[in-house]
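Here is the structure we will look at.
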Amino acid sequence: MKQLTQPSDLCNSNREVCLAIGMFDGVHLGHQQVLKQTVLDASQNKSLPVAVTFDQHPANIISPEKAPALIQSQAQRIRTIESLGIEATLVIKFNKEFSLKKGEIFIKELAEGFGSIHSVCVGNNFMFGHNRDGDIALLEKLGKSMGFLAHGIQAVSLNEQIISSTRIRNSLRKGSLHDVNKMLGRKFSIEGTIIRGDGKGRKIGYPTANLDTTDIVLPPNGVYAANAKLNEKIYRSVLNIGIRPTIIRPEPSIQVEAHLLDFNENIYGKIIEIEFIEQLRDEIAFASTEELKKQISRDINKAKILF
């Protein structure tokens, strides 16, 4: 899939485009309906299906105090979008200048940049533009004057409640991984760069890969069975999220660290994706390092049964 920083990056394409517009955080079942409609439009019209999204959540600029942690990294989000048949993704830099742009101007600039738009697809409640002045009604109005189709896709529900990124974040924080997986249509995973930790895991015989998960929403502290994807290979692993209360530190902070089973390589700086299988237990403070080691061994054996 081609990644675009501006519409003109499709300089050699003479095809019309079908656009799906949204933040698409998590690419949940509701987002997938928007993207699938775009792919369908494109296939029926021999057009190019293109997703239009943003490099950060708009709230980071508009109301930083309310900005949510994200469900996926940008790379994860783009890969998931691609898996649905989208052939190119325009990632717009959402900054202060862009936040002041009226919704009508935004759409007209997209049309000018891409050359010709066959359709625009959004969630039925999607709002865009300065002061949220753009909605499906504006898209339908512009579509009539500019010659494109406008689709407002109805929200998808689970257990009689609308699926949304906000609902998924809340379910994650509660530890309701089963519900999260249903709303995503796949197992929940996180992705981050492997950074140096304090080496405590290696000292007790269980080396870990520490993940940088800045700005990513996490499930509750605890120990999880997980699959770790590294260098296109899958490794069974046990993941710990928490402050490691058994290890005394002056300023404890949340750490995310994975022990990959039957693995012992230097992988600092690599990108790793962790797919959650099941929570094994809550975070516990142990009386000694020896007790911790025994529990880690039990955690690994329990995880192996799940695998």
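The values are calculated or read from the model by the stated rules, or taken from the named source; none is laboratory data. A quick note: this is a predicted structure, and the numbers were derived from the prediction, not measured. Don't worry about glycine lacking a Cβ; one is built from the backbone with ideal geometry, like all the others, and counts go over all protein chains shown. Only protein heavy atoms, including side chains, enter the accessible area calculation; ligands, DNA and RNA are left aside. Shrake-Rupley method; radii C 1.70, N 1.55, O 1.52, S 1.80 Å.
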**OP:** Scan GLU82, GLU65, GLU87 and give me the residue that is without any contact (Cβ under 8 Å) to a residue 40 or more places away in the chain and of a type in the set (Asp, Glu).
**Re:** GLU65
**OP:** Would you list the helices (runs of 4 or more DSSP H) that sit entirely within the range 124-222 and hold 2 or more residues that are free of Cβ contacts under 8 Å to residues at least 40 places away in the same chain and among the polar types (S, T, N, Q)?
**Re:** 165-174
**OP:** Go over the candidates GLY129, GLY192 one by one and state the one that is under 23 Å from the mean Cα position of the chain (by Cα), buried (at least 18 other Cβ atoms within 10 Å of the Cβ) and farther than 30 Å from LEU292 by Cα.
**Re:** GLY129
**OP:** Return the pairs, sorted by first residue and then second, in which the second residue is assigned to a helix (DSSP H, G or I) and modelled with pLDDT under 95, the first residue lies in the range 36-52 and is more than 19 Å from ASN14 (Cβ to Cβ), the beta carbons are less than 8 Å apart, and the residues are 6+ apart or on different chains.
**Re:** none
Subject >> Cβ-Cβ under 9 Å pairs, at least 6 apart or on other chains, the range 280-307 side touching a residue at least 60 places away in the same chain (Cβ under 8 Å), far side hydroxyl-bearing (Ser, Thr, Tyr) and outside any helix (DSSP H, G or I) >> reply: THR289/THR246; LEU292/THR246; LYS293/TYR206; ILE296/TYR206; ILE300/TYR206; ALA303/TYR224; ALA303/SER237
**OP:** Could you tell me whether any residue of the range 102-118 is closer than 29 Å to SER157 by Cα, loosely packed, with under 14 Cβ neighbours inside 10 Å and in contact with a strand residue (DSSP E or B) (Cβ under 6 Å, 6 or more places away or on another chain)?
**Re:** no
Original post:
Hey, TYR235 hits all of (1) modelled with pLDDT under 90; (2) in a strand (DSSP E or B); (3) hydroxyl-bearing (Ser, Thr, Tyr) but one; which does it fall short on?
Top reply: (1)
Original post:
Based on what the data block shows, is THR80 assigned to a strand (DSSP E or B) and either open to solvent by 60 Å² or more (accessible area, probe 1.4 Å) or not hydrophobic (A, V, I, L, M, F, W, C) (or both)?
Top reply: no
Original post:
So which residues in the range 56-77 are open to solvent by 40 Å² or more (accessible area, probe 1.4 Å) and among the hydrophobic types (A, V, I, L, M, F, W, C), if there are any at all?
Top reply: ILE61, ILE62, ALA75
